[in-house]
Structure formats: C-alpha cells, structure tokens
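Please read the structure below before turning to the comments.
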Amino acid sequence: MSTEKTYKLFWLWFKITLSTFLGLNALALLLLVLLSVLRVPSFNIGNEPLWLLRWQYEQSTSFVIVFNPWILLTIAAVIGFVGVYLRRNSKQHRR
C-alpha cells in the first residue's frame with residue numbers, strides 16, 4: 001500500500017472517529033437532560049476500572065453525569081475502523 005493511500009485511509013478514519021466521538025458527547029448531554037427530567041435514581045454502567053457512565057441524583061443537591069472519555073474514544077475508534085473497512089470493501093466490489 002502506498003504512502004498516499006495510507007494517508008487517505010488515516011484521514012478517513014480520523015474524520016469518522018472524531019465525528020463519532022463528538023456525537024457520543026452530544027448524546028451524553030442529551031442523556032443528562034433526559035435523566036434530569038425523569039429524576040432517575042443513581043446508577044453506574046460498568047465496573048470500577050472499566051466504567052462507561054456514572055449517574056448520580058440527590059434531591060438535596062443536584063444531578064451529576066460522568067462519562068469515561070477513554071471508553072468513548074475507544075468506541076469511536078472501533079466505529080472508525082469499521083467505517084474504513086466497510087468503505088474500502090465497497091469500493092473494491094464496485095470495480
């Protein structure tokens with residue numbers, strides 16, 4: 001594979017990964033609003049070292065939502081690799 005093709009594949013992966021990561025962060029903000037309106041009790045998704053979401057609701061104070069950015073970035077990178085793979089295979093089948 002030439003350097004130019006590698007460079008194009010990297011930028012394609014980077015664009016897909018960045019847009020997915022920003023979309024996941026926007027989803028986190030929407031989830032904050034939804035969980036706040038519904039007054040959902042506190043919960044965690046994941047275990048101690050590998051957690052994705054921590055939601056805390058206390059009636060006396062306020063609402064807190066925390067997403068693990070490394071897990072979100074990993075999910076976005078995997079989606080980026082799958083996107084590059086699918087795009088590359090679809091171009092090969094068209095030939």
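The values are calculated or read from the model by the stated rules, or taken from the named source; none is laboratory data. Computed from a prediction, not measured in an experiment: that's the story for all the values here. Ideal geometry is used to build each Cβ from the backbone, glycine not excepted, and the neighbour counts take in all protein chains shown. With ligands, DNA and RNA removed, areas are computed over all heavy atoms of the protein, side chains included. Shrake-Rupley method; radii C 1.70, N 1.55, O 1.52, S 1.80 Å.
Accessible surface for the chain, divided over its residues, is 77 Å² per residue with a 1.4 Å probe. Within the accessible area of the chain, the carbon and sulfur atoms contribute 68%, probe 1.4 Å, all protein chains present. Derived from the Cα gyration tensor, the three semi-axes of the equivalent ellipsoid of the chain are 38, 13, 10 Å, largest first. Under Stokes-Einstein, with the Kirkwood radius over Cα pairs as Rh, the value for the stretch 9-61 at 4 °C and 1.567 mPa s is 98 µm²/s.
What you get for the stretch 1-85, charging only the Cβ of Lys and Arg (+1) and of Asp and Glu (-1), is a dipole of about 220 debye around the Cα centre.
Helix 3-38 and the longest principal axis of the C-alpha atoms of the chain enclose an angle of approximately 20°. When Trp13, Trp55, Trp70 are compared by accessible surface with a 1.4 Å probe, the order from highest to lowest is Trp70, Trp13, Trp55. Between Trp70 and Tyr85, the contour length at 0.36 nm per residue exceeds the alpha carbon distance by 3.2 nm. Axis of helix 69-94 versus longest Cα principal axis of the chain: the two differ by about 30°, to the nearest ten degrees.
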